[in-house]
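First comes the structure, then the notes that go with it.
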Amino acid sequence: MARSEKKARRLVVDGETFLWYLSHSHHALGNGQYEDCCETLVIRRFKARGRLRVVFRQGPGRLVPDGYLMPSGAVATTEGDLLNLHEPGTVRAMLDEALAQGWLPANASVQEMDGWLLFEAVATRRGAAPAD
């Protein structure tokens with residue numbers, strides 16, 4: 001049974017509960033074709049108003065699911081590095097990196113970060129071997 005795209009999942013870090021979910025957006029061109037595909041990972045502290053939106057937009061050298069070759073939740077570079085945003089370990093590494101770069105979970109606002117700026121550090125945290 002497939003998981004609901006908007007149903008939040010729990011992640012407990014040092015006794016603190018966070019909720020997260022992944023969504024996909026794009027612009028439909030018709031005839032089953034899409035452009036401007038984007039994966040968005042949303043993380044928030046349990047019972048908090050503020051949230052972090054980590055956005056991965058399609059672009060040169062950057063691959064996001066487009067309904068054909070990339071599986072749901074996968075973001076990758078054309079050099080071969082890949083992260084699966086459905087994996088709790090990847091979300092934990094993304095959370096750790098966002099906190100290291102200054103995200104404040106107690107802030108009541110919505111903050112957006114470019115996921116590609118976090119990609120390399122998260123891949124390193126996840127133990128991914130760098131592409132040659």
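I'm trying to understand the selection: among the residues of the stretch 13-25, which are open to solvent by 30 Å² or more (accessible area, probe 1.4 Å), closer than 17 Å to MET113 by Cα and either of a type in the set (D, E, K, R) or modelled with pLDDT under 90 (or both)? If you could, list the steps in order and put the result at the bottom.
Looking only at the stretch 13-25, we keep the residues that are open to solvent by 30 Å² or more (accessible area, probe 1.4 Å), and these are 14-17, 21, 24-25.
Applying the additional criterion that residues be closer than 17 Å to MET113 by Cα yields 21, 24-25.
Hits for the stretch 13-25 are HIS24, SER25.
Inspect all residues belonging to the stretch 92-102 and state whether any of them is part of a strand (DSSP E or B) and modelled with pLDDT under 95.
First pass over the stretch 92-102, keeping only residues part of a strand (DSSP E or B): none.
No: zero hits.
What residue, among those in the stretch 82-125 that are β-branched (Val, Ile, Thr) and surrounded by 15 or more Cβ atoms within 10 Å (Cβ to Cβ), is farthest from VAL13 (Cα to Cα)? The selected residue is VAL122. Taking first residues from the stretch 26-55 that are open to solvent by less than 40 Å² (accessible area, probe 1.4 Å) and partners that are in a strand (DSSP E or B) and at pLDDT below 90, the Cβ contacts under 6 Å between residues at least 6 apart in sequence or on separate chains come to CYS37/HIS26; CYS38/SER25; GLU39/HIS24; THR40/SER23.
The values are calculated or read from the model by the stated rules, or taken from the named source; none is laboratory data. Given the structure is predicted, the values throughout are model-derived calculations rather than measurements. Positions of Cβ are generated from backbone atoms using ideal geometry, with glycine treated the same way; all protein chains shown enter the neighbour counts. Side chains are part of the model used for accessible areas, which takes the heavy atoms of the whole protein and leaves out ligands, DNA and RNA. Shrake-Rupley method; radii C 1.70, N 1.55, O 1.52, S 1.80 Å.
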